[in-house]
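Every number here is computed from the coordinates shown, using simple stated rules; none is lab data. Model, not experiment: these values are computed from the prediction. Backbone-built Cβ (ideal geometry, glycine too); neighbour counts: all protein chains shown.
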Amino acid sequence: MNVKPRCTATAIGSLPHPDADKAVEVVLKAIPDAPIWPQLPKLGLREQMEIQYSEGMPRIVIDDAKGRMYFDTAGDYSEDLAKFYEGYMAATENADFSAAAISPRFSAGIPALEKRLKGLGKRLPFVKVQTTGPMSFALTIVDEAKRAIYYNEEFVDVVVKALALKCRWQIRKFKPYAENIICFVDEPILSAYGSSTYVSVKRPDVIAKLKEVAEAIHAEGALSGIHCCGNTEWSMPVDAGVTIVNFDAFQFGETVALYPEHMKRHLVENKNALAWGIVPTSAAIRDVTAAQLVEKFEKLTDNLARKAGVDKKVVAEQAFITPSCGTGSMAIPDAERVFGILAETSGTLKQRYGF
C-alpha cells in the first residue's frame, strides 16, 4: 500500500472522560483528519481494554463483583467452539460481520463518533478504529485456573479469529465516513517480548497471529496498524505485513533505527508508514512544548533516514504523528493538553515540509 499521511495526526484509543460526546469533541478538534472513536475506561468494566472486545467469544465469563473476565474451559466445550466456528465461517463467506458488533454497552465511543461523522456530511481523509491485539488479549486473559488463554491452542485460535471479526465489523461501520480506514491492534504486551515471563512465546507465532489479523483488515481494503507503547522487536510487525507501525517515539524513538533493513523495506519497498508517538502521555506533557517535539522528531527521523538509507522526505511523507500511548489513565486536563500539543506538533511539521 502506498501510504502518505504527511505528518497527519491521529491517536491511540483511550480518553479519561466519562462523557462520550465530550471525548469525541476533544478528538475532532485536535485530529479532524484522522479521528478515533474513544475508548472510555472510566465508564466501567466493559470499556476495559480486553473486555471491550469480548462479546461473542465462547465461554467468556465477566465477573462484575471481582472486576475481571476469564474463559471457562472446564468440562465439554466442543459444542460452544463448533457454534463459534460456524458463525465465523458464515460471517467471512457472506461478508456479514454484524454478529461481531461491539454493542453500546461495551462502547459508548463508537455510536458517539458515528453520530458526529454522519452530521459532517463529508468523507474525511482517515478514520481510525482499534482492537486489542491477539497477543495482548491472549496473554492477559486467563482461564478458570488463572492460566493465560494463550497456552490453550483451541481457545487462542478463537481469540485471534474473534478479534479479526471485530476489526472487519468496525471497518465496515466507519467506511462511509472516510477515504481510508485505519485499524490498529494494540499490543502493549509486546514490550515484554523476550523477557523471562514470556520466554515460551516464540517469534514465528507472534508474527503468525499478527499477520492473520492484519490480513483480515486488508481484506476490507483498510490500513492495518500495530501500536506498542514500549520497546519491542520492531522487525516483527514488518514481517507480519502491517501497514503502520506505531511506537513510543518520545521514550524509544531511536529503537526503530536498530532495524535498518526492515525499516527500509517497510518504507521504501512496501511504501508503508510509521506512526511516531512523539507526544508523551506521562507527566512530561505538562512541561514539553510542540516546538521541542518537532525538533525531537527531526533528530529521530534524521537518524532513521541515515541508518536505513532512506530519503528523509520519504520518512516524513510516510509519517503519522500520535501520542505515545492512550490517555485513558491521565487526568482530564493532562489528556486534553496531549491532544492540543498533538495538533500543534502535526500542524508545525506539515507547514515545515509543505504538506
Seminar exercise, completed: Projecting the Cα atoms of Cys183, Ser235, Ile31 onto the charge dipole of the chain, where Lys and Arg contribute +1 and Asp and Glu -1 at Cβ, the residue farthest towards the positive end is Ile31
Exercise. Taking +1 at the Cβ of each Lys and Arg and -1 at the Cβ of each Asp and Glu, which of Val213, Gly87, Ala308 sits farthest along the dipole of the range 8-353 towards its positive end, judged by Cα position relative to the Cα centre?
Worked result: Ala308
Problem set entry | Highest-fluctuation residue, Lys66, Lys209, Lys22 considered, GNM on the chain with Cα pairs under 10 Å | Lys66
Seminar exercise, completed: Looking only at lysines whose Cα falls under 21 Å of Lys166's and that sit 8 or more positions away or on another chain, we get Lys83, Lys115, Lys128, Lys175, Lys209, Lys211
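Rank-order 170-178, 254-262 by packing density, defined as the average count of other C-beta atoms within 10 Å over each peptide's residues, highest first. Please report the intermediate quantities before stating the final value.
Working: 170-178: 20.1, 254-262: 17.1.
Top of the packing list down: 170-178, 254-262.
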Exercise. Among all the lysines, which ones have a C-alpha under 16 Å from Lys271's C-alpha, if same-chain residues fewer than 8 places away are not counted?
Worked result: Lys4, Lys312, Lys313
Exercise. In straight Cα distance, which aspartates and glutamates are under 12 Å from Lys42, not counting same-chain residues fewer than 8 positions off?
Worked result: Asp19
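If you average the sequence gap of Cα pairs under 8 Å that are 6 or more apart and divide by the length of the chain, what percent do you get for the contact order? List each step's numbers first, then the result.
Details: 675 pairs, mean separation 79.0, N = 355.
Over the chain, the number comes to 22 percent.
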Exercise. What is the set of long-range amide H partners of Asn270 at a cut-off below 5 Å, with H atoms built 1.01 Å from backbone N?
Worked result: none
Seminar exercise, completed: About its Cα centre, the chain carries a charge dipole, from +1 on Lys and Arg Cβ atoms and -1 on Asp and Glu Cβ atoms, whose size in debye to the nearest 20 is 1240 debye
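Which order do peptides 139-149, 70-80 fall in by mean Cβ count within 10 Å, highest first? Mind showing how you got there, number by number?
Numbers: 139-149: 16.1, 70-80: 13.4.
Highest to lowest by the protection proxy: 139-149, 70-80.
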Exercise. Mean residue ellipticity at 222 nm from the helices of the chain, using -39,500 (n - 2.57) per DSSP H segment of n ≥ 4 over the full residue count, to the nearest 500 deg cm²/dmol?
Worked result: -13000 deg cm²/dmol
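Can you tell me the relative contact order of the range 179-272? Whole percent, Cα pairs under 8 Å, sequence separation 6 or more. Mind showing how you got there, number by number?
On the way: 116 pairs, mean separation 27.8, N = 94.
Worked out over the range 179-272, it gives 30 percent.
Applying 1/(1 + (r/R0)^6) with R0 = 41 Å to the Cβ-Cβ distance of Thr92 and Arg352, what FRET efficiency is obtained, to the nearest 0.05?
On the way: r = 44 Å, r/R0 = 1.08.
With a Förster radius of 41 Å, E is 0.40.
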Exercise. Highest mean first, what order results for 27-37, 8-18 on Cβ atoms within 10 Å?
Worked result: 8-18, 27-37
Exercise. What nm value, rounded to one decimal, do you get for the distance between Asp21 and His218 when each label is placed 7 Å out toward the C-beta?
Worked result: 4.2 nm
